[in-house]
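Participant: One structure coming up, written as structure tokens, with questions to follow.
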Amino acid sequence: MSVSEAVFSRWPILLAYLSRIMSVSIEDFGRLLAVVVALRAVCLISSCLATISISTALLIALFAAYAFHEIYWKRRKLPPGPVPWLVLGNMPLILKGQCIYDLWLSLKQQYGPVFTFWIGPIPLVMVCDCAMMKEYFVKYADVFSGRWRNFVTDSFMGGANGVVQIDGEKWREQRRFALHVLRDFGFGRDIMETKVMKEVDALVECLSLELGNQSRCVLDLSRPLSVSVGNIINSALFGYRFSQDSPLFFELQKALDRQSALVVQPIMGAYIVAPWSRHVPGLRGPWQRLMKNRDVLWSFLISQVEEHKKDFDPSIDAPDFTFAYLKEMHRRKENGYPMGHFSEWQLTMLLLDLWFAGMETTITTLKWGFLFMMLNPKVQEKIHKELDEQCPEQEAIAMADRTKLPYTTAAVNEIQRMANILPVNLLRTASETKTMGPYTYEQGTLVIPQISVALFDPVNFCEPQKFDPSRFLEADGKTLKKVDGMLPFSVGKRQCLGESLARVELFMIFANLMHKFRFSVADGQSTPSLIRKPGLTVSPQKYLCQIERRS
Ligand code: HEM
């Protein structure tokens with residue numbers, strides 16, 4: 001083997017192995033590595049100069065400089081973390097198939113509450129502890145509230161549009177407007193409850209129809225749950241509902257599910273770093289599927305905006321979000337006010353964001369919720385007992401009943417905690433260069449509140465893998481406890497925009513279905529799995545549930 005072959009084939013592998021077996025701090029190891037790399041490069045170059053050509057020597061020097069930059073230089077101001085491989089970063093840790101929640105938690109335990117994980121050449125700084133999250137995302141909210149624009153999100157959103165993937169003035173203006181309009185439609189107020197109750201009634205009726213005159217039946221709950229949650233957001237955005245068997249609704253929901261599964265495939269990293277890779281045979285399949293999916297969603301949303309434009313009458317009260325947005329555009333035009341970032345395309349993409357965020361998250365949480373009930377009959381019994389004792393004559397359960405239903409309310413919290421639906425939170429970036437203690441984040445660095453770690457961290461929740469609603473109750477068993485680390489809606493200015501709606505939906509749907517039915521694994525049926533289906537939001541595997549009418 002020639003000297004240059006030896007250089008290229010052995011030493012990077014040896015160094016990477018060394019990094020894993022040496023128990024020195026990352027900083028010390030970085031310094032050591034830098035010296036080793038530099039010395040090795042100098043030795044090799046000088047000893048090889050006699051036998052190799054100048055171009056090979058140059059190549060070696062360039063490679064040494066590249067390795068030095070990748071392994072030490074670019075990491076020197078960032079929080080510690082596992083040593084990245086050249087090109088792949090820390091991706092091999094994910095590709096090894098370890099449970100991603102366990103991986104984050106073990107990295108937090110190893111490197112501390114703020115650590116760096118390299119996705120190929122891109123550093124992702126994970127802030128995992130509540131105090132640090134408050135420091136970064138509340139105290140310095142203006143710095144750490146940016147989003148990451150990249151080729152994949154830009155292709156999906158037709159540029160910097162919507163509300164989830166944008167930042168700066170456009171995000172502030174559009175988020176403020178969206179919140180204002182949704183509040184007018186009842187988000188966070190009693191009107192919302194009435195609208196959700198209408199869907200709860202339809203859902204109870206649908207399950208009762210499934211039961212017919214039998215006392216129990218077995219079904220896939222995800223369909224009726226999806227239609228109910230879908231109808232709540234659909235009515236707010238477009239002013240109409242889907243029927244329980246609407247083919248269009250299920251086609252759209254499948255498109256959302258496919259999108260959620262596609263965007264977390266590792267190949268997306270290649271499209272982001274090297275957009276041309278989407279044309280390479282053998283690599284282009286997921287890209288084509290993503291674009292096909294996008295077109296299904298775009299054409300639905302474009303048709304909704306077109307329908308609203310046909311019937312548009314600025315003199316009437318806006319019955320839904322799309323109308324309210326068109327009315328705002330009309331008002332600005334008529335009065336000669338600046339249009340700001342308001343446009344029809346922006347509206348279409350804003351609808352896409354609200355529709356996606358408003359459905360996927362809540363449906364997934366509820367699917368986990370009823371699965372946990374099936375698998376924890378004792379918890380279910382306690383909820384039934386509380387409902388029977390506290391609301392004996394009531395036909396329906398309302399938000400106001402939460403005060404007399406502490407265990408049921410705690411169970412909803414525990415469902416959200418255990419469902420932990422976002423293994424990787426939405427990515428945020430530093431909008432300016434910022435030094436935090438020993439670390440400096442260049443503008444554009446990805447820094448995220450990693451809420452999935454907080455929800456499963458034994459520091460916040462004792463025996464975190466145990467489903468136990470009582471962890472949210474004081475010793476008296478009646479008073480709800482505020483628990484640090486319970487952050488399913490995240491923190492800071494980017495905190496979930498639909499939180500108030502989601503809280504109403506989760507409580508009302510869960511409590512009312514529990515009031516009317518019992519959920520269990522049917523005799524002869526295998527116990528449903530708790531293995532998570534990978535996606536942007538992780539849902540349970542498809543499962544069948546036995547429902548029984550409660551007298
Ligand atoms: C169980 C239900 C839900 C959960 C667990 C949830 C959770 C989250 C989380 C963790 C974020 C990311 C915040 C961050 O960047 O750190 C988020 C953002 C967002 N959520 Fe939700 N969400 C839920 C329901 C909803 C609903 C019903 C809506 C719709 C109306 C909604 C709309 C949004 C939007 C628009 C954002 C982006 C906000 C921004 O970037 O400014 N979410 N949500």
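Participant: Taking the options TRP368, TRP345, TRP355, name whichever one is buried (at least 17 other Cβ atoms within 10 Å of the Cβ), at negative phi and modelled with pLDDT of 95 or more.
Facilitator: TRP368
Participant: Next question. Give all pairs with beta carbons closer than 7 Å in which a residue from region 535-551 that is within 16 Å of GLY524 (Cα to Cα) meets a residue that is in a loop (DSSP other than H, G, I, E, B) and not small (Gly, Ala, Ser); count only pairs at least 6 apart in sequence or on separate chains.
Facilitator: TYR543/PRO528; LEU544/ASP220; LEU544/GLN525; CYS545/LEU221; GLN546/VAL521
Participant: What number goes with the only condition from (1) free of Cβ contacts under 8 Å to residues at least 24 places away in the same chain; (2) at positive phi that CYS99 does not pass?
Facilitator: Against the list (1) free of Cβ contacts under 8 Å to residues at least 24 places away in the same chain; (2) at positive phi, CYS99 comes up short only on (2).
Participant: Out of curiosity, is ALA160 within 13 Å of the ligand (Cβ to nearest atom) and part of a helix (DSSP H, G or I)?
Facilitator: no
Participant: To continue, here is another question. Restricting the search to region 332-352, which residues are under 16 Å from LEU179 (Cβ atoms) and assigned to a loop (DSSP other than H, G, I, E, B)?
Facilitator: GLY340, HIS341, PHE342
Participant: May I ask you to list the residues in region 340-394 that are more than 16 Å from the ligand (Cβ to nearest atom) and among the hydrophobic types (A, V, I, L, M, F, W, C)?
Facilitator: PHE342, TRP345, MET373, MET374, LEU375, VAL379, ILE383, LEU387, CYS391 - these are the residues of region 340-394 that are more than 16 Å from the ligand (Cβ to nearest atom) and among the hydrophobic types (A, V, I, L, M, F, W, C).
Participant: If VAL138 satisfies every condition in (1) closer than 28 Å to ILE232 by Cβ; (2) surrounded by fewer than 20 Cβ atoms within 10 Å (Cβ to Cβ) but one, which is the exception?
Facilitator: The failed condition is (1).
Participant: Hey, another quick one. Which count do you get for residues in region 385-412 that are crowded, with 16+ Cβ neighbours inside 10 Å, assigned to a helix (DSSP H, G or I) and not hydroxyl-bearing (Ser, Thr, Tyr)?
Facilitator: So the answer is 10.
Participant: Can you tell me which residues in region 302-331 are part of a helix (DSSP H, G or I) and charged (D, E, K, R)?
Facilitator: The answer is GLU306, GLU307, LYS309, LYS310, LYS327, GLU328, ARG331.
Participant: Within 16 Å of the ligand (Cβ to nearest atom), in contact (Cβ under 8 Å) with a residue 60 or more places away in the chain and under 23 Å from the mean Cα position of the chain (by Cα): does that describe ALA502?
Facilitator: Answer is yes for this residue.
Participant: Check ALA61 against each of (1) of a type in the set (A, V, I, L, M, F, W, C); (2) in a helix (DSSP H, G or I); (3) surrounded by 15 or more Cβ atoms within 10 Å (Cβ to Cβ) and name the one condition it does not meet.
Facilitator: (3)
Participant: Now, a different point. Under 6 Å by Cβ, and 6 or more places apart or on different chains, what pairs join a residue from region 336-361 that is farther than 14 Å from ASN234 by Cβ and free of Cβ contacts under 8 Å to residues at least 12 places away in the same chain with one that is in a helix (DSSP H, G or I) and more than 8 Å from the ligand (Cβ to nearest atom)?
Facilitator: Close Cβ pairs (under 6 Å, with a partner that is in a helix (DSSP H, G or I) and more than 8 Å from the ligand (Cβ to nearest atom)) amount to MET339/ARG332.
Participant: What about GLU463, is it acidic (Asp, Glu), farther than 19 Å from PRO113 by Cβ and without any contact (Cβ under 8 Å) to a residue 60 or more places away in the chain?
Facilitator: yes
Participant: Something else now. For the subset of region 163-185 comprising residues that are more than 9 Å from the ligand (Cβ to nearest atom) and of a type in the set (Lys, Arg), which member is farthest from VAL143 (Cα to Cα)?
Facilitator: Checked region 163-185; the qualifying residue farthest from VAL143 (Cα to Cα) is ARG183.
Conditions tested, residue by residue: (1) polar (S, T, N, Q); (2) exposed (fewer than 11 other Cβ atoms within 10 Å of the Cβ).
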site	(1), (2)
VAL296	no, no
SER299	yes, yes
ILE302	no, no
ASP313	no, yes
ALA318	no, no
TYR325	no, no
GLU328	no, no
ARG332	no, no
GLY336	no, yes
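Participant: Same structure again: Could you list, ordered by first residue, the pairs with Cβ atoms under 7 Å in which the first is in region 511-528 and on the phi < 0 side of the Ramachandran plot and the second is surrounded by fewer than 22 Cβ atoms within 10 Å (Cβ to Cβ) and among the hydroxyl-bearing types (Ser, Thr, Tyr), at least 6 apart or interchain?
Facilitator: Hits for this filter: VAL521/THR527; PRO528/TYR543.
Participant: Another question, if that's okay. Return yes or no: is VAL447 outside any helix (DSSP H, G or I), β-branched (Val, Ile, Thr) and touching a residue at least 24 places away in the same chain (Cβ under 8 Å)?
Facilitator: yes
Participant: Residues to consider are VAL204, VAL152, VAL127, VAL163; find the one that is more than 18 Å from ALA357 (Cα to Cα), of a type in the set (A, V, I, L, M), surrounded by 16 or more Cβ atoms within 10 Å (Cβ to Cβ) and within 19 Å of the chain's Cα centre (by Cα).
Facilitator: VAL127
The values are calculated or read from the model by the stated rules, or taken from the named source; none is laboratory data. Owing to the predicted nature of the structure, the values given are computational and were not obtained by experimental measurement. As a convention, Cβ positions derive from the backbone with ideal geometry for all residues, glycine included, and neighbour counts pool all protein chains shown.
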